[in-house]
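**Q** Right, I'll just put the structure down here and ask away after.
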Amino acid sequence: MDAVERPRVVCLCGSLRFEPLFRLERRRLTSLGVIVLGPEPIDEDLTPTRRAALRELHLRRIDLADEVRVVSEGGYVGSATRREIEYARERRKAITSVEPSLDLDDTVSRARNRHPRPCSVATDH
């Protein structure tokens with residue numbers, strides 16, 4: 001019996017203001033046999049504690065992933081997504097974007113120059 005190759009695992013990151021793009025990318029990747037992890041919209045008011053717990057949950061998704069795929073439109077990458085990209089880089093994850101022209105290196109380095117110290121602002125998801 002042949003061993004089945006483990007499917008690639010991709011974690012989608014980005015602002016949920018682009019929820020339709022998340023759905024499209026999730027479907028596209030799933031049809032290619034990829035396991036897709038990503039944030040889900042929450043239909044409740046979030047307390048600061050709950051919001052922090054959801055941010056941590058998303059970092060655990062990144063830990064499980066082989067690749068982080070940034071879902072964006074018009075080059076928009078919010079502060080939470082930039083932090084997730086940095087987190088993924090520190091863990092040597094492959095990082096790609098649905099926008100071929102998006103320069104992830106420039107996006108993160110510009111943010112680093114604006115905020116030299118980590119900040120604890122609310123997530124943009």
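**Q** Restricting to the range 31-62, what's the tally of residues that are surrounded by 13 or more Cβ atoms within 10 Å (Cβ to Cβ) and without any contact (Cβ under 8 Å) to a residue 40 or more places away in the chain? If you could, list the steps in order and put the result at the bottom.
**A** We begin by selecting, within the range 31-62, every residue surrounded by 13 or more Cβ atoms within 10 Å (Cβ to Cβ); these are 34-39, 46, 51-52, 54-55, 58-59, 61-62.
Keeping just the survivors that are without any contact (Cβ under 8 Å) to a residue 40 or more places away in the chain gives 34-38, 46, 52, 59.
Residues flagged as surrounded by 13 or more Cβ atoms within 10 Å (Cβ to Cβ) and without any contact (Cβ under 8 Å) to a residue 40 or more places away in the chain within the range 31-62 amount to 8.
**Q** Continuing with the same structure: Would you point out the residue of the range 76-90, among those that are touching an Asp or Glu at 6+ places or on another chain (Cβ under 7 Å) and not aliphatic (A, V, I, L, M), that is nearest to residue 37 (Cα to Cα)?
**A** Step one: filter the range 76-90 for residues touching an Asp or Glu at 6+ places or on another chain (Cβ under 7 Å), giving 78-81.
Checking which are not aliphatic (A, V, I, L, M) leaves us with 78-79, 81.
Details: 78: 19, 79: 20, 81: 15 Å.
Per the criteria, the residue is 81.
**Q** Quick one: in the range 1-18, of everything that is at pLDDT 95 or above and surrounded by fewer than 18 Cβ atoms within 10 Å (Cβ to Cβ), which residue is farthest from residue 104 (Cα to Cα)?
**A** Once the filter is applied, the top-ranked residue is 7.
**Q** Separate question: Which of the residues that make up the range 33-78 are more than 19 Å from residue 100 (Cα to Cα), part of a loop (DSSP other than H, G, I, E, B) and of a type in the set (A, V, I, L, M, F, W, C)?
**A** Scanning the range 33-78 gives 34, 42, 46, 65.
**Q** Of everything in the range 7-32 that's in a helix (DSSP H, G or I) and basic (Lys, Arg), which residue is nearest to residue 65 (Cα to Cα)? So that I can check it myself, show each step before the final result.
**A** If we filter the range 7-32 for residues that are in a helix (DSSP H, G or I), which is where we start, we get 16-31.
Checking which are basic (Lys, Arg) leaves us with 17, 23, 26-28.
Numbers: 17: 22, 23: 18, 26: 14, 27: 17, 28: 17 Å.
Taking the candidates together, the pick is 26.
**Q** Can you tell me which condition residue 66 does not meet? The list is (1) surrounded by fewer than 15 Cβ atoms within 10 Å (Cβ to Cβ); (2) of a type in the set (D, E, K, R); (3) farther than 13 Å from residue 88 by Cβ, and all the others hold.
**A** (3)
The values are calculated or read from the model by the stated rules, or taken from the named source; none is laboratory data. Predicted, not measured: the structure shown is a model, and the values here were computed from it. Because the Cβ atoms are built from the backbone with ideal geometry, glycine has one as well, and the counts that use them run over all protein chains shown.
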